[in-house]
Amino acid sequence: MTRILYPTNEVAEQLGVGLTTAKALIKSGELRSVKIGRARRVPADALHEYVQQLDREQNGENAA
């Protein structure tokens, strides 16, 4: 079964950034997340969207 939600620490690991940076991306809204109880989770597709957005911004609209 493929995971659809990731905790913040795993998001940081997958993006290759620190936990503080991952939390800042979530807090700013740059990286979409959902809340389940008191826990914050990032949908798997939100990770892909974020990376694709970075790619478009840095390499032009025709990237990816």
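The values are calculated or read from the model by the stated rules, or taken from the named source; none is laboratory data. Worth saying up front: this structure is predicted, and the values here are computed from it rather than measured. Quick reminder, even Gly has a Cβ in these numbers, built from the backbone with ideal geometry, and neighbours come from all protein chains shown. Note: areas computed on protein heavy atoms with side chains; ligands, DNA, RNA excluded. Shrake-Rupley method; radii C 1.70, N 1.55, O 1.52, S 1.80 Å.
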Of the residues in the stretch 1-42, those that are in contact with a helix residue (DSSP H, G or I) (Cβ under 7 Å, 6 or more places away or on another chain) and among the small types (Gly, Ala, Ser) come to Ala12, Gly18, Ala22, Ser33
Within the stretch 12-64, the count of residues that are of a type in the set (A, V, I, L, M, F, W, C), open to solvent by 60 Å² or more (accessible area, probe 1.4 Å) and in contact with a Ser or Thr (Cβ under 7 Å, 6 or more places away or on another chain) comes to 1
For the stretch 23-43 the number of residues that are more than 16 Å from Gln53 (Cα to Cα) and assigned to a helix (DSSP H, G or I) is 3
Flagged pairs (Cβ under 6 angstrom, 6 or more apart or on separate chains; first in the stretch 38-64, among the polar types (S, T, N, Q); second modelled with pLDDT under 95) are Gln52/Ala64
Taking the stretch 1-11 and keeping only residues that are within 14 Å of His48 (Cβ to Cβ), out of contact with any Lys or Arg (no Cβ under 7 Å at 6 or more places or on another chain) and either open to solvent by 40 Å² or more (accessible area, probe 1.4 Å) or not in a helix (DSSP H, G or I) (or both), one is left with Thr2, Arg3, Ile4
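So which residues in the stretch 16-64 are among the aliphatic types (A, V, I, L, M) and over 19 Å from Leu5 (Cα atoms), if there are any at all? Spell out how you get there, then give the answer.
So the first thing to find is which residues in the stretch 16-64 are among the aliphatic types (A, V, I, L, M), and the list is 17, 19, 22, 24-26, 31, 34, 36, 39, 42, 44, 46-47, 51, 54, 63-64.
The answer is Leu54, Ala63, Ala64.
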Filtering the stretch 44-64 for residues that are of a type in the set (A, V, I, L, M) and under 16 Å from Val34 (Cα atoms) leaves a count of 3
Just one listed residue, out of Lys27, Lys35, is in contact with a strand residue (DSSP E or B) (Cβ under 9 Å, 6 or more places away or on another chain) and not β-branched (Val, Ile, Thr), and it is Lys35
